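S.K.: Here it is, the structure, as C-alpha cells.
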Amino acid sequence: MDNVKDTVKQIFTEYLRVNKHRKTPERYAILDAIYSMDGHFDIDTLYSQMMNEEKFRVSRATLYNTIILLLDAKLIIKHLFGNTSQYEKSYNIETHHHLICTVCGKVSEFQNEGLKNAIANTQMKRFQMSHYSLYIYGTCAKCAAMKRRQRKNKQL
C-alpha cells in the first residue's frame with residue numbers, strides 16, 4: 001500500500017510540475033486520503049473524512065479543485081451512478097464492473113473474466129481503447145426481497 005502511495009505521489013508531483021501547478025501539502029493530503037480509502041466515494045464523504053481524521057483541514061474549494069487535477073492526472077476516475085457523482089482511485093486497480101440498484105442506489109463491484117476477455121478482444125474500427133466502465137442497472141437482493149414482501153402484504 002505504501003509503495004502505491006509513493007508511486008501515485010510521484011506521478012502527481014510530475015503532473016503538477018509539468019502543468020505548472022503548485023505542490024501544496026493540502027493537495028498531497030487529499031491524494032493520501034483518497035488512496036487510503038476503499039471503494040467509491042463522493043466529495044462529501046471525502047470532505048467529512050478529511051475534517052475528522054486528517055492533519056490538514058481543507059476547504060471544499062481546494063477539494064473540488066484538487067479532484068479536477070487528480071482526474072486530469074488519471075489518478076482517479078469519475079463515475080455517474082444515477083444522479084450522483086462518485087469517484088474511485090484508478091492507479092494499479094484491477095478492471096471491475098459495477099452493479100447499481102435503481103431502488104436504493106447501492107453500488108457493488110464485481111469481476112468477470114469472460115466479460116473482460118470479450119471486451120478486450122472486441123475489434124473496434126478506427127478506435128484504440130484505453131479503458132472502459134461497465135454499469136449494470138437493476139435491483140439488489142435486499143430491495144427485491146422488500147418488493148416481494150410488499151406485494152405479498154398487498155395480496156393479504
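Each value in this text was obtained by applying a stated rule to the coordinates, not by laboratory testing. Predicted model, so just to flag it, every value in this text is computed and none were measured. As a convention, Cβ positions derive from the backbone with ideal geometry for all residues, glycine included, and neighbour counts pool all protein chains shown.
S.K.: Taking the Cα centre as origin and putting +1 on Lys and Arg beta-carbons and -1 on Asp and Glu beta-carbons, what dipole magnitude results for the chain, to the nearest 20 debye?
M.R.: I would put it at about 780 debye.
S.K.: Could you sort the peptides 108-114, 64-70, 4-10 by per-residue average Cβ neighbour count (10 Å cutoff), highest mean leading?
M.R.: 64-70, 4-10, 108-114
S.K.: When DSSP assigns beta bridges and you keep just the ones with both residues in the chain, what percent turn out antiparallel, to the nearest 5?
M.R.: For the chain, the DSSP antiparallel bridge percentage is about 75.
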